[in-house]
Structures are given as C-alpha cells and as structure tokens.
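Each remark here refers to the structure printed beneath this line.
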Amino acid sequence: MPLVCTIDVEDWAQSTLDTDLPILEHAGRNMEHLLDVLAEEKAKATCFILGKFAEKFPGTVKRIAAEGHEVASHGFGHVDVFRLSPAEFREDVRRSKAQLEAMTGMPVKGYRAPDFSIVKASLWALDILAEEGFVYDASVNPAGLARFGVPDWPAQPVRLALASGRSLVEVPVATLPVLGRRLPVAGGGYHRLLPWPLIRYAINQLVLRNQAFVAYCHPYEFDPDEFSRVPFVTPLKMRLHQGLGRRGFETKFRKMLRGFKPVLALSLAEGTNWPSHTPAF
Ligand SMILES: [Zn+2]
C-alpha cells in the first residue's frame, strides 16, 4: 500500500484564528510555492480546497487541476462540522462541491472536514456526504492523542455501510500503533517537530505491512516567516505552537515524496474492495 499525500488548501489566519477573517494574499503564494515543490519532485497530491480560498484564488485551483493533482473539497467556510446543523453542513459542502466543479469542469469526489471535525457527535455528516455525491471522506482522525478524533475508528480505509443504505469509503489519516495506542504521525505539527528518520520509520511501518499511509499538510507550513506578515494580533503561545518547525518542513516533505511515491486519495478509495464497517452512533 502506498503513501497518500494530502494538502488542506486554506489560509492559516482564517482557518485557525477566526473563520470570519478574509483570506490573506500570501495564502495563494504559499500554495503556488507548494505546487512548484510538487512539480519539481514529480509528485501528485490530493488537494482538499477550502471554498473561501478557491473564491479568492480561482487561478490556483485551475493550476492544481491542470497539473494532475486531485481537486477535493475542504468545505466552504472552515467551520467545524460539530458546530453546524445538518442543514448548514449540507449547504456548506454543496456550495463547495459545486464551486470546484464549475472551476475545473471535473467531478469532486472527496471531502475532508475542517480540523478533522467529524467526531462521534457529528457522524451524521457521513450520510449527507454520500447523499451529496461524494465517493469518499477523509475527515476522521483515529489517533488517540488527536485534538478531535474517533479513537476506536478503523485505522485503515473501510467502506461505510450507512444508516440511509448509502455507502462511502472512509480514508483515515495515518496512525502508528505503539504499545496498544495509536500515535498521530500523519503530518502537520508532528511532521514539523519529528526528525526525518522517525517520520520515515513511521511510514515504513505501515507501507511494509501493506497498509496505506495517508499524510497531510498545509501550504502555510512551508512559510517560516508567515507570522511577520499576518496583520492580526496572534498570541505568542499560538505563534510558537503553529510556527515551530516550519523552517525544516519543506526538506522533510521533499524527502518523503522522493522516498515514497504518493498516489491520489481517490485512487486509494476506488482501487480496493475495502472491508465494510457500520459506524456506531
Ligand atoms: Zn483546514
């Protein structure tokens, strides 16, 4: 089983600080830079694109599609799913899917929730995704230490048998089983802080056992100087937590792409007859 490289395409301040903030100009530049990196490394990624980002940078969305990456949905406004009503959630994903399909002329089949916010209390969202025509979801984090997650969720992809009778493939981010616990090793802050040999070890542990390693990152993690450009007050603790390890991130990311040829999340979801799983609500 392969590495799957996923990118949540968004702006740090709008997605992390306050969802009412405008998308900043440098968010587009950061994504363009990340596309340059992928082109140089001849690697393809699955891009879960936020609607508000796509609205501001339609040219970047077109470039993502033109360069053979997968265009998938990160919803429209980056509000956590468990803060939305089912009707609001449906509206958010429908708007995002229609927008990306209009921009690229191609069907959007994958979805990832903001902050992995499909948790026990918001599993109802999976039925809505199936009804809205998504083929797979990548929103559940099965790691024990995750901020949001479902710790007893299957750690590898499954075909969900939903209450409505519909089905959806769930593609969870990677976790490493150690002493009966599932460690979060899939990306983001963990890849910023862990040294490359440990990241490589974690990926090898899964791919050598014929399991998928679904990694994730954000364009802003490639920008070590972002905080000098953010025109809003950001608490020191948040700047440290969110900024630590950004300077070495790109080097590790390139090593990951060179060491493990990534495939798209959609081909992982559609490529195998995954075991069935009935979510317990
Ligand atoms: Zn996000």
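The values are calculated or read from the model by the stated rules, or taken from the named source; none is laboratory data. Not measured: the values here are computed from a predicted model. Backbone-built Cβ (ideal geometry, glycine too); neighbour counts: all protein chains shown.
For the stretch 255-281, the set of residues classified as in contact with a helix residue (DSSP H, G or I) (Cβ under 7 Å, 6 or more places away or on another chain) and surrounded by fewer than 16 Cβ atoms within 10 Å (Cβ to Cβ) consists of Lys255, Gly259, listed by residue number. When the stretch 67-90 is filtered for residues that are touching a Cys at 6+ places or on another chain (Cβ under 9 Å) and either modelled with pLDDT under 95 or within 16 Å of the ligand (Cβ to nearest atom) (or both), the ones remaining, listed by number, are Val71, Ala72, His74. Within the stretch 54-66, the set of residues being within 16 Å of the ligand (Cβ to nearest atom), over 17 Å from the mean Cα position of the chain (by Cα) and of a type in the set (A, V, I, L, M, F, W, C) comprises just one member, Phe57. For the stretch 1-53, a tally of residues being more than 15 Å from the ligand (Cβ to nearest atom) and either of a type in the set (S, T, N, Q) or assigned to a strand (DSSP E or B) (or both) returns 3. Note on the stretch 109-125: among residues that are away from the ligand (no atom under 14 Å from the Cβ) and part of a helix (DSSP H, G or I), the one that is surrounded by the most Cβ atoms within 10 Å (Cβ to Cβ) is Ala125.
Is it fair to say Gln205 is in a helix (DSSP H, G or I), modelled with pLDDT under 90 and among the polar types (S, T, N, Q)?
Working: in a helix (DSSP H, G or I): yes; modelled with pLDDT under 90: no; among the polar types (S, T, N, Q): yes.
The answer is no for Gln205.
For the stretch 259-270, what are the residues that are closer than 14 Å to Lys44 by Cβ, out of contact with any Cys (no Cβ under 6 Å at 6 or more places or on another chain) and either in a strand (DSSP E or B) or of a type outside the set (A, V, I, L, M) (or both)?
Phe260, Lys261, Val263, Ser267
Return the total of residues in the stretch 224-274 being touching a residue at least 60 places away in the same chain (Cβ under 8 Å) and within 15 Å of Cys5 (Cβ to Cβ). Count: 16. Under the condition of being under 19 Å from Leu21 (Cβ atoms), of a type outside the set (D, E, K, R) and under 19 Å from the mean Cα position of the chain (by Cα), the residues counted in the stretch 67-102 number 7. If you filter the stretch 178-202 down to residues that are surrounded by 15 or more Cβ atoms within 10 Å (Cβ to Cβ) and in a loop (DSSP other than H, G, I, E, B), you find that the one that is modelled with the lowest pLDDT is Gly188. Could you check the stretch 91-107 and list, in sequence order, the residues that are away from the ligand (no atom under 16 Å from the Cβ) and either in contact with a strand residue (DSSP E or B) (Cβ under 7 Å, 6 or more places away or on another chain) or assigned to a loop (DSSP other than H, G, I, E, B) (or both)? If the condition is that a residue be away from the ligand (no atom under 16 Å from the Cβ) and either in contact with a strand residue (DSSP E or B) (Cβ under 7 Å, 6 or more places away or on another chain) or assigned to a loop (DSSP other than H, G, I, E, B) (or both), then Lys97, Thr104, Gly105, Met106, Pro107 are the ones that fit. Of all the numbered requirements in (1) out of contact with any helix residue (DSSP H, G or I) (no Cβ under 6 Å at 6 or more places or on another chain); (2) away from the ligand (no atom under 16 Å from the Cβ), Leu162 misses one, and that requirement is (1).
Every test in (1) in contact (Cβ under 8 Å) with a residue 60 or more places away in the chain; (2) assigned to a helix (DSSP H, G or I) is passed by Val214 save one, and that test is (2).
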